[in-house]
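Notes follow the structure.
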Amino acid sequence: MQLTLWTYEGPPHVGAMRIATSMEGVHYVLHAPQGDTYADLLFTMIERRDRRPPVTYTTFQARDLGGDTAELVKQSVRDAYERFKPDALLVGESCTAELIQDQPGALAQSMNLPIPVVPLELPSYSKKENWGASETFYHLVRTILLPMMPAAGASWPRPDRTGRRPRANLLGATALGFRNRDDVREVTRLLTDCGVDVHVCAPLGATVADLRRLPDADFNVVLYPEVAETTARWLQKSFGTPMVRTVPIGVLATREFLEEVGKIADIDVAPVLRRERAGEAQASASRSLLPWYSRSVDSTYLTGKRVFVFGDATHVLAAARIAKDELGFTVVGIGTYSREYARPIREAAAAMGVEALISDDYLEVEQRVAELAPELVLGTQMERHIAKRLGVPCAVISAPIHVQDVPARHSPQMGFEGANVIFDTWVHPLMMGLEEHLLHMFKDDFEFADGATPSHLHATSKHAAPASAVGRTDEESEGSDTRDVVVAASPATAVWLPPAEAELRKIPFFVRGKARRNTERYAVDHGITQITVDTLYDAKAHYGR
Amino acid sequence: MTVALTPDQIGGGCAVPATIAVGRGSALPVIRERGQREVFCGLTGIVWLHRKMQDAFFLVVGSRTCAHLVQSAAGVMIFAEPRFATAILGERDLAGLADANEELDRCVTQLLDRRPDIATLFLVGSCPSEVIKLDLQRASERLNEQFMPRVQILNYSGSGIETTFTQGEDACLRALVPHMPAADPAAPNLLVVGTLADVVEDQLTRLFDQLGVGPVHYFPPRRARDLPPIGPNTSILLAQPFLSETARALVARGATLLSAPYPLGANGTTAWLREAARAWGIGDDVVDRVTAAPIERARASIARYRSQLEGKRLFMFPDSQLEIPLARFLHEECGMELLEVGTPYLDKLMMEAELVRMPATVQLSEGQDVERQLDRCRAVRPDLTVCGLGLANPLEAEGLRTKWSIELVFSPIHGYEQAGDLAELFARPLDRAQRLMV
């Protein structure tokens, strides 16, 4: 039993729903009690989909449990087939149905429907959403392609390349994936530019007939390993389709991706790469502005910013690299909730000299953020809340997605345009942080007092307040916020003298909590009971930053 | 009088045609269906119950699905540290490798160590905990021995196999009833039952004071440890229509249930107050005098939206059990034409005073087969469809205007001062449709 406040991933059947919803002509019959239909709203509200997910729920109730819930499954399968006439049917169960062991998949298979039926066994009590999506995609592809598989010993003929451009499948994009819609568009553009056609994109937008065409591609691109790696490996093993495994998030990774594509497709990608080199941004038609923006002098304040990175494995690996090598940040911690990818995350952490956090426990992540006191958090919506509470700027880099992560504009993470988007998304919260600091600095000036007339208007207002009208600042509440969360256990043996307290308030609020903590720790370590301005600066010198 | 629509009029499907008797000899047609339900389970009630009872924490004992449901229904993670959580059952708990009771005790201890501000902890049963027959009643008794008096531990089930959406509140309040103190048997008192926004309670309290009805207590209270008294001299007025089990338990403790329409809209609120006044032997003249000004205000504020709603055809999917009282308000006070009014279940005792006010032309439906109901909805193309979040955008995409129903349980809609706001909730989608030129 695990005490959980927020979950990063839903149950595995939600992963299966993501696959079904991504595709055309695939229907999912889910043996589940009333209430599990909540998952529909993830798609219709967060992603604003204009259709309900293609899911039929059996909706069993307590009174059915003594009776024939198996018949209810069969009836639901019959009704769903009659009504929706799908090209393939997924049949599975949610957590409660798993306990009553009706084996809906086997029941549906025994009904001899004239379409492929894919039974899904997704253990709800040990696995989670992304795993469920990966398994569902794999079993669906496998069921569709099994009849075409070459006999043992034989191999699938490599597609004939004469007279055509190389073609690639894009694998792994799904409904409810973080910016997947835009990534697909961006990667398609990238491949087209270097002379590669997209053959099939799956599961997002694919039909069952498209799945049958998967083996005719020259290679597969694994966009999101969490969802597509298992399937891509199987396609490689069964049909000999090679795969490109570099995930093109970030400028450097995008360049490597293109090089890998060049090698695998035997094409020259140099012209495309040349165009996207740093420094040429202003002068040519380059789309890649990150390198130049990062080198421009106003970005020097980004140097060595301490960042904490958390999310799914794909986005965390990419974000950590971008943070370090493309923006000049210092990565102080990385972590993921994708346990399946603990190893690569640990390796990346070791390479950066930090400890990896492999956890789906929100409280543990919060504690780590508090301990590390980063200046920027790159995380999920949940880290956004953690960061807000700790007064640290944050940018969202990964699912679970929120309505804000499905913007109306084109906003990819992948490719050169994706890197541009990332530059903006990460740097803006830091700029806002600075701006807020300036506001705090100026708010003791009379022009910023409540009731003061804005300076661009005539100062006719009689109650334009002098400095004396400045009330007590709300900095204290922010300060105490941070204290509550971060150092509830801090020994309050050292007392802040008023001048030291006043000096502390001049420190930007987003590092103030850390300054306060360091000073208190320094005081305790050195047997100081009264904190003076000198103690504050002694501590600053002692801890370095 | 029986006015049953023919199957053609209701758009086909093989629903069971039936009627429900309302008042003397008249009956309303009811479609009874079972099939796929597009309705939340009772766990969802946690979202508003924890806001109401600010010293209470809700610990769902369930699966990852339960945790995911509550956080999705809560409007996507608004509170950094909420007063609800899930103890997620794992493989080890199911395989008997770990003693589920010991595990639960560990989770509760961990939680209460972390949250010293919690005075009441609800262990909330779920589908999986019901199916594996994890006895939360015994667990709460055991934990009470350890944690009382600092924390009282109670339990109820919000499972989808037993409860529909708002029934979760019924189950939660029902669990509190045995812990309510005995009321002074000599003095009559009024208990208003059902979660209301604090501001609405304060408005109603002022009206009861002016009527001379009192003392008045509210249930659930603002702090779960301050339970209102109950006894043979208690009269109960239900503020919400989904509290039948709670009402029965309160009656079993000697209280008298007053039957009234629900306090939605000016008419509903007046009839509701009048029922309380009657129980106190207060004449209609006093009620008329006290309510005249607020009725006038409510009418004026409803009038602002009436022109947009009048004559518009309404279709309601089953959701919160509020459908019938809301339909009554929208018909009586806003002039809407009722097509189908769906409700998860039809409890005659709870709806008696509402059903007699329904127009004979309404088609009621109980339960749900969502595909068939959608067929009926598409066939009649209503001007406004009230439905859950899973259906709203897809119906909008089909060119139908919708109002999502969950807002009706999260917003203050009861009483005179909210009557205009309530009308506005339904007028807004229509207003918006008129404004948009894209």
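The values are calculated or read from the model by the stated rules, or taken from the named source; none is laboratory data. Keep in mind it's a predicted model, so treat the numbers as computed, not measured. In this analysis, Cβ positions are derived from the backbone assuming ideal geometry, glycine residues included, and neighbour counts consider all displayed protein chains.
Under 6 Å by Cβ, and 6 or more places apart or on different chains, what pairs join a residue from region A:45-61 that is hydrophobic (A, V, I, L, M, F, W, C) with one that is not in a loop (DSSP other than H, G, I, E, B)?
A:MET45/B:LEU389; A:ILE46/A:VAL403; A:VAL55/A:MET17; A:VAL55/A:TYR28; A:VAL55/A:LEU30; A:PHE60/A:PRO33; A:PHE60/A:THR69; A:PHE60/A:LEU72
Name the one entry in B:ASN144, B:ASN155 that is surrounded by fewer than 24 Cβ atoms within 10 Å (Cβ to Cβ) and not in a helix (DSSP H, G or I).
Exactly one residue qualifies, and that residue is B:ASN155.
Looking at A:GLU417, A:GLU347, A:GLU364, can you tell me which residue is more than 14 Å from chain B (Cβ to nearest Cβ), at negative phi and either in contact with a strand residue (DSSP E or B) (Cβ under 8 Å, 6 or more places away or on another chain) or free of Cβ contacts under 8 Å to residues at least 24 places away in the same chain (or both)?
The match here is A:GLU347.
Where residues in region B:312-350 are modelled with pLDDT under 95 and assigned to a helix (DSSP H, G or I), which of them is surrounded by the most Cβ atoms within 10 Å (Cβ to Cβ)?
Ranking the qualifying residues of region B:312-350, first place goes to B:MET350.
Going by what's in this entry, would A:MET1 be described as over 20 Å from B:ILE88 (Cβ atoms), surrounded by fewer than 24 Cβ atoms within 10 Å (Cβ to Cβ), within 11 Å of another protein chain (Cβ to nearest Cβ) and touching a helix residue (DSSP H, G or I) at 6+ places or on another chain (Cβ under 7 Å)?
no
In the set A:VAL91, A:VAL73, A:VAL29, which member is within 12 Å of chain B (Cβ to nearest Cβ), surrounded by 24 or more Cβ atoms within 10 Å (Cβ to Cβ), farther than 30 Å from B:GLU103 by Cβ and out of contact with any Lys or Arg (no Cβ under 9 Å at 6 or more places or on another chain)?
Of A:VAL91, A:VAL73, A:VAL29, the one residue that is within 12 Å of chain B (Cβ to nearest Cβ), surrounded by 24 or more Cβ atoms within 10 Å (Cβ to Cβ), farther than 30 Å from B:GLU103 by Cβ and out of contact with any Lys or Arg (no Cβ under 9 Å at 6 or more places or on another chain) is A:VAL29.
How about region B:35-58: which of its residues are part of a strand (DSSP E or B) and within 8 Å of chain A (Cβ to nearest Cβ)?
Of everything in region B:35-58, just one residue is part of a strand (DSSP E or B) and within 8 Å of chain A (Cβ to nearest Cβ), namely B:CYS41.
What pairs can you find where one residue is in region B:149-170 and more than 11 Å from chain A (Cβ to nearest Cβ) and in contact (Cβ under 8 Å) with a residue 40 or more places away in the chain, the other is aromatic (Phe, Trp, Tyr) and in a loop (DSSP other than H, G, I, E, B), and their Cβ atoms are less than 9 Å apart, with a gap of 6+ or different chains?
Listed by first residue and then by second, the contacts come to B:THR166/B:PHE40; B:THR166/B:PHE242; B:GLU169/B:PHE242; B:ASP170/B:PHE242.
Just checking, which of A:PRO150, A:PRO123 is outside any helix (DSSP H, G or I) and at pLDDT below 95?
From the options A:PRO150, A:PRO123, the qualifying one is A:PRO150.
Looking at region B:257-266, is at least one residue in contact (Cβ under 8 Å) with a residue 12 or more places away in the chain and in a helix (DSSP H, G or I)?
Within region B:257-266, one or more residues are in contact (Cβ under 8 Å) with a residue 12 or more places away in the chain and in a helix (DSSP H, G or I).
Could you tell me which numbered condition B:LEU112 fails, if it satisfies all but one of (1) aliphatic (A, V, I, L, M); (2) touching a strand residue (DSSP E or B) at 6+ places or on another chain (Cβ under 6 Å); (3) part of a helix (DSSP H, G or I)?
Of everything listed in (1) aliphatic (A, V, I, L, M); (2) touching a strand residue (DSSP E or B) at 6+ places or on another chain (Cβ under 6 Å); (3) part of a helix (DSSP H, G or I), B:LEU112 misses just condition (2).
When you look at B:LEU69, is it more than 9 Å from every other protein chain (Cβ to nearest Cβ) and either within 29 Å of A:ASP64 (Cβ to Cβ) or not charged (D, E, K, R) (or both), yes or no?
Considered against the rule, which asks whether it is more than 9 Å from every other protein chain (Cβ to nearest Cβ) and either within 29 Å of A:ASP64 (Cβ to Cβ) or not charged (D, E, K, R) (or both), B:LEU69 comes out as no.
Please go through region A:33-62 and give me each residue that is in a loop (DSSP other than H, G, I, E, B) and either under 18 Å from B:SER405 (Cβ atoms) or within 7 Å of another protein chain (Cβ to nearest Cβ) (or both), ordered by number.
Passing the criteria: A:GLN34, A:GLY35, A:ARG48, A:ARG49, A:ASP50, A:ARG51, A:ARG52, A:THR59, A:GLN61.
Identify, please: which residue in region B:98-131 is β-branched (Val, Ile, Thr) and surrounded by fewer than 24 Cβ atoms within 10 Å (Cβ to Cβ) and is, among those, farthest from the chain's Cα centre (by Cα)?
Checked region B:98-131; the qualifying residue farthest from the chain's Cα centre (by Cα) is B:THR109.
Find the residue count for region A:189-238, including only residues that are in a helix (DSSP H, G or I), among the small types (Gly, Ala, Ser) and either touching an Asp or Glu at 6+ places or on another chain (Cβ under 7 Å) or at positive phi (or both).
0
What pairs come up if the first residue lies in region B:361-377 and is closer than 17 Å to A:PRO53 by Cβ and at pLDDT 95 or above, the second is part of a helix (DSSP H, G or I) and polar (S, T, N, Q), and their beta carbons are under 9 Å apart, counting only those six or more places apart or on different chains?
Matching pairs, first to second residue: B:VAL370/A:THR37.
Please find, among A:LEU258, A:LEU191, the residue that is over 21 Å from A:GLY15 (Cβ atoms) and out of contact with any strand residue (DSSP E or B) (no Cβ under 9 Å at 6 or more places or on another chain).
Only one candidate passes the filter, namely A:LEU258.
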